[in-house]
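In what follows, a structure is listed as structure tokens, so that the remarks can point back to it.
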Amino acid sequence: MAKSHCLIILSAAPQGVEASSFIQSFKVLHPVFNIQLASPNGSIPDFKSSDEHTQRWIADFKGKPYSSPVRLESVDETGKIETNFCNCFTCVIVSSFAFSLKICCSFHPRGFGALFDLVHSLQMQSIINHFTRVKKPICAIGCGVAGLCGLSLTKSIPWSFDGFSLTSTSIAELAKKPMFGTIPLLVEDFVKQNGGIYSASEPGEPHVIIDRFLITGQNEASTVTAVQNLILLCNLRQTRHSSSSH
């Protein structure tokens, strides 16, 4: 059976992408999906890591042909890419990267960068809104959940995830970070103020919530569980689609 396609949307902000979260996600997803990376302006993300083994993995990864992101602005809301209109994404991930391809799902991994650029990206919001309308799986981890908040920050419109249960990096976890005073958006507060049902576990502990087509993870410890559930959700959706077509 041919693989579905997956677009990983990465932050290009100087605050960067959490390398370990990206690696965990990529290792689980790559055997299952054809992966395409995307970032604002197609910029190479700054993978944050102080671990020598992780740095070597990232250096090796950057030599692979699939490591170069396409411009996020070149992906339309249906998941097609200007240079290859036959590609259609299955899923999207958000955290400081997100992904999708026959758009079945979307993913954003963990990292602070999403708080600074993806949250303000109109194209990011267009893609998320499309996924929401067609109810294709969306997965966001840690601060990547900020990528789901964009349009409601700038326009007086209801939030797409009003009434959804979800999690993200908690204020208790963020307060321990040196950059806490510069963070432009506290996702925990945003969710509570815009009709979402927020919950979190103890700082650093795994915590994943699934509500309809949305999967959110609280932190890096939640990465693998969140991504595995994304794959299961995509498989379930494909099975239901196949059954209904017969």
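We did not get these values from a lab; they are worked out from the coordinates using the rules stated. None of the values given here were measured: they were computed from a predicted structure. Glycine gets a Cβ as well: all are built from the backbone with ideal geometry, and neighbour counts include every protein chain shown.
Brief remarks on what is shown
- Rounded to the nearest 0.05, the FRET efficiency derived from the C-beta distance between residue 44 and residue 182 at R0 = 25 Å is 0.65.
- Computed extension length for residue 197-residue 135: 20.4 nm, one decimal, from 0.36 nm per residue of separation with the Cα-Cα distance subtracted.
- Cα-based radius of gyration for the range 121-246, normalised by 2.2 N^0.38 Å, reads 1.10.
- For residue 191, neighbours were defined as the other residues whose beta-carbon sits under 14 Å from its Cβ, and their charges (Lys and Arg +1, Asp and Glu -1) total -3.
- Above-threshold pairs, the threshold being 30 Å between Cα atoms, out of 3/192; 27/135; 3/177; 3/176: 3/192; 3/177; 3/176
- Cβ-Cβ FRET estimate between residue 189 and residue 122, R0 fixed at 30 Å, reported to 0.05: 0.85
- A full extension of the chain between residue 56 and residue 30 corresponds to an added length of 7.5 nm, given 0.36 nm per residue minus the alpha carbon distance.
- Rounded to the nearest 20 debye, the dipole size of the range 169-237 about its Cα centre is 200 debye, using +1 on the Cβ of Lys and Arg and -1 on the Cβ of Asp and Glu.
- Point-charge dipole on Cβ atoms (K/R +1, D/E -1) for the range 119-239, about Cα centre, debye to 20: 480 debye
- Taking the range 125-246 and dividing mean pair separation by its residue count, relative contact order in percent (alpha carbons under 8 Å, at least six apart): 30 percent
- Each peptide in 3-15, 182-194 gets a packing score, the mean of other Cβ atoms within 10 Å over its residues, and the list from highest to lowest is 3-15, 182-194.
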